[in-house]
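Below: one structure, written as structure tokens.
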Amino acid sequence: MSLTTDITDFVQRIVSAMGMSLTVRIEETPDGTRINLEGEDGGTLVRSGGEGLQALQHIVATAFRRQLGDDHRIVIDCNGFRKDKDAELRQMAQFIAEKARSTGMPQEMGPLNPYERRIVHLAIAEDPTVTSESIGDAFMKTVIISASR
Amino acid sequence: MPADGGASPLRAVIETAVRGLVDQPDSVTVTETVRRGMTVVELRTAPGDMGKIIGRQGRTAAALRTLLAVTAERHGQRAQLDIKD
């Protein structure tokens with residue numbers, strides 16, 4: 001059985017155990033494995049800011065880390081919830097970058113988890129007029145966005 | 001008893017998730033008891049697998065607790081995870 005099948009099967013078994021009926025679709029992207037859950041029962045995972053979705057993602061990524069390696073990401077989305085949230089985060093990063101540029105003062109964003117920080121750093125990296133860095137040594141860190149010199 | 005048939009989603013979700021995390025899935029046992037309206041789900045694993053279900057900074061244990069809480073809420077219950085060592 002392929003690893004993709006194993007991952008799909010594991011996600012499906014957890015989702016079913018939780019009493020939900022969701023379609024599990026998995027796609028391999030250059031960035032890692034993306035799993036999309038779809039169906040009306042998805043509301044259970046996305047409420048409270050998607051904490052259920054985040055927990056499920058952590059369990060699945062942890063279960064397959066040894067086989068996939070540390071650099072391979074597993075992202076689980078549900079009914080486009082994460083996609084929308086990621087887009088909001090990118091918009092927010094651009095807005096804060098504009099503020100850093102116009103004021104010349106470094107601006108703070110967060111605290112953010114590693115997944116969120118990565119999205120912010122990637123969004124900022126597209127714009128040569130600003131830079132970003134993470135501050136702190138805990139799981140959640142603040143990202144500082146500054147105008148490039 | 002297999003973790004299916006819809007008998008207890010609380011036990012099933014913990015059993016399924018934990019078996020995927022540990023080296024010795026056959027040593028995973030999950031039981032549940034109800035105390036004053038609260039379902040207590042007790043989890044036991046092989047001693048060597050304890051670190052895997054707790055995780056760095058307790059994040060895996062926290063994720064298991066969240067999955068349990070979300071499942072309980074879905075079924076109109078309240079639940080608590082008790083990791084036995």
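Of the conditions (1) over 16 Å from A:E133 (Cα atoms); (2) open to solvent by 50 Å² or more (accessible area, probe 1.4 Å); (3) over 15 Å from the mean Cα position of the chain (by Cα), A:I26 satisfies every one except a single condition; which number is it?
It is condition (2) that A:I26 fails.
Among what's in the range A:64-113 and is within 14 Å of chain B (Cβ to nearest Cβ) and free of Cβ contacts under 8 Å to residues at least 24 places away in the same chain, pick the residue that is nearest to B:L67 (Cα to Cα).
By that ranking, first place goes to A:R65.
Counting only residues that are part of a loop (DSSP other than H, G, I, E, B) and acidic (D, E), which one in the range A:119-149 is nearest to B:R56 (Cα to Cα)?
Quick first cut of the range A:119-149, residues part of a loop (DSSP other than H, G, I, E, B) only: A:126-129, A:136-140, A:148-149.
The next check asks that each one be acidic (D, E); those that pass are A:126-127, A:137.
Values: A:E126: 32, A:D127: 34, A:D137: 14 Å.
If we take residues in the range A:119-149 being part of a loop (DSSP other than H, G, I, E, B) and acidic (D, E), then A:D137 is nearest to B:R56 (Cα to Cα).
Of everything in the range B:29-85, what is hydrophobic (A, V, I, L, M, F, W, C), open to solvent by less than 20 Å² (accessible area, probe 1.4 Å) and not in a helix (DSSP H, G or I)? Give them in sequence order. Lay out the reasoning, then the answer.
Residues of the range B:29-85 hydrophobic (A, V, I, L, M, F, W, C): B:30, B:34, B:38, B:40-41, B:43, B:46, B:50, B:53-54, B:61-64, B:67-70, B:72, B:79, B:81, B:83.
Filter again for open to solvent by less than 20 Å² (accessible area, probe 1.4 Å), leaving B:30, B:40-41, B:43, B:46, B:53, B:61, B:63-64, B:67-68, B:70, B:72, B:81.
Answer for the range B:29-85, where residues must be hydrophobic (A, V, I, L, M, F, W, C), open to solvent by less than 20 Å² (accessible area, probe 1.4 Å) and not in a helix (DSSP H, G or I): B:V30, B:V40, B:V41, B:L43, B:A46, B:L81.
Looking only at the range B:15-34, count every residue that is under 17 Å from B:L67 (Cβ atoms) and of a type in the set (D, E, K, R) and tell me the total.
Residues flagged as under 17 Å from B:L67 (Cβ atoms) and of a type in the set (D, E, K, R) within the range B:15-34 amount to 3.
How about the range A:119-149: which of its residues are among the basic types (K, R) and crowded, with 16+ Cβ neighbours inside 10 Å?
Of the range A:119-149, the ones among the basic types (K, R) are A:141, A:149.
A:K141 - this is the single residue of the range A:119-149 that is among the basic types (K, R) and crowded, with 16+ Cβ neighbours inside 10 Å.
Can A:S48 be described as assigned to a loop (DSSP other than H, G, I, E, B), of a type in the set (S, T, N, Q) and not assigned by TED's automatic domain parsing to the domain that holds A:E116? Break it down into steps so the answer makes sense when it comes.
On the way: assigned to a loop (DSSP other than H, G, I, E, B): no; of a type in the set (S, T, N, Q): yes; not assigned by TED's automatic domain parsing to the domain that holds A:E116: yes.
It is false that A:S48 is assigned to a loop (DSSP other than H, G, I, E, B), of a type in the set (S, T, N, Q) and not assigned by TED's automatic domain parsing to the domain that holds A:E116.
If only one of B:V70, B:V41 is touching a Gly at 6+ places or on another chain (Cβ under 6 Å), of a type in the set (A, V, I, L, M, F, W, C) and closer than 14 Å to A:M18 by Cβ, which one is it? Spell out how you get there, then give the answer.
Details: B:V41 fails: touching a Gly at 6+ places or on another chain (Cβ under 6 Å).
Among B:V70, B:V41, only B:V70 is touching a Gly at 6+ places or on another chain (Cβ under 6 Å), of a type in the set (A, V, I, L, M, F, W, C) and closer than 14 Å to A:M18 by Cβ.
Any residue at all in the range A:43-63 that is open to solvent by less than 40 Å² (accessible area, probe 1.4 Å), at positive phi and more than 14 Å from every other protein chain (Cβ to nearest Cβ)? Reasoning before the result, please.
The initial filter retains those residues of the range A:43-63 that are open to solvent by less than 40 Å² (accessible area, probe 1.4 Å), namely A:43-46, A:50, A:52-53, A:55-57, A:59-63.
Adding the requirement that they be at positive phi leaves A:50.
Applying the additional criterion that residues be more than 14 Å from every other protein chain (Cβ to nearest Cβ) yields none.
No, that holds for no residue.
Out of the range A:28-45, which residues are among the charged types (D, E, K, R) and in contact with a helix residue (DSSP H, G or I) (Cβ under 9 Å, 6 or more places away or on another chain)? Outline the logic, then answer.
Here is the first cut: in the range A:28-45, the ones among the charged types (D, E, K, R) are A:28, A:31, A:34, A:38, A:40-41.
If the condition is that a residue be among the charged types (D, E, K, R) and in contact with a helix residue (DSSP H, G or I) (Cβ under 9 Å, 6 or more places away or on another chain), then A:E28, A:D41 are the ones that fit.
Would you be able to say whether some residue in the range B:2-24 is open to solvent by 50 Å² or more (accessible area, probe 1.4 Å), of a type in the set (A, V, I, L, M, F, W, C) and touching a helix residue (DSSP H, G or I) at 6+ places or on another chain (Cβ under 7 Å)?
No, there is no match, as no residue in the range B:2-24 is open to solvent by 50 Å² or more (accessible area, probe 1.4 Å), of a type in the set (A, V, I, L, M, F, W, C) and touching a helix residue (DSSP H, G or I) at 6+ places or on another chain (Cβ under 7 Å).
Of A:E98, A:E116, A:E88, which residue is open to solvent by 70 Å² or more (accessible area, probe 1.4 Å), closer than 28 Å to A:L22 by Cα and either touching an Asp or Glu at 6+ places or on another chain (Cβ under 9 Å) or in a helix (DSSP H, G or I) (or both)?
Numbers: A:E98 fails: closer than 28 Å to A:L22 by Cα; A:E116 fails: open to solvent by 70 Å² or more (accessible area, probe 1.4 Å).
Result of the check over A:E98, A:E116, A:E88: A:E88.
Just for the range A:1-23: of the residues that are more than 13 Å from A:F64 (Cβ to Cβ) and of a type in the set (G, A, S), which one is most open to solvent (accessible area, probe 1.4 Å)?
A:S21
Considering only the range A:127-139, I want to know if a residue exists there that is hydrophobic (A, V, I, L, M, F, W, C) and within 14 Å of another protein chain (Cβ to nearest Cβ).
Within the range A:127-139 (the criterion being hydrophobic (A, V, I, L, M, F, W, C) and within 14 Å of another protein chain (Cβ to nearest Cβ)), the answer is yes, since at least one residue qualifies.
What single numbered condition from (1) within 14 Å of chain B (Cβ to nearest Cβ); (2) in contact (Cβ under 8 Å) with a residue 12 or more places away in the chain; (3) not in a helix (DSSP H, G or I) fails to hold for A:R25?
Here A:R25 clears every test but (1).
Would you call B:R36 farther than 16 Å from A:I59 by Cα and within 11 Å of chain A (Cβ to nearest Cβ)? Even if it seems obvious, please write down each step before you answer.
Working: farther than 16 Å from A:I59 by Cα: yes; within 11 Å of chain A (Cβ to nearest Cβ): no.
Considered against the rule, which asks whether it is farther than 16 Å from A:I59 by Cα and within 11 Å of chain A (Cβ to nearest Cβ), B:R36 comes out as no.
The values are calculated or read from the model by the stated rules, or taken from the named source; none is laboratory data. What you are looking at is a predicted structure, and each value in this text was computed from that prediction instead of being measured. FYI the Cβ positions are ideal-geometry reconstructions off the backbone, even for glycines, and counts take in every protein chain you see. Accessible surface areas use protein heavy atoms only, side chains included; no ligands, DNA or RNA. Shrake-Rupley method; radii C 1.70, N 1.55, O 1.52, S 1.80 Å.
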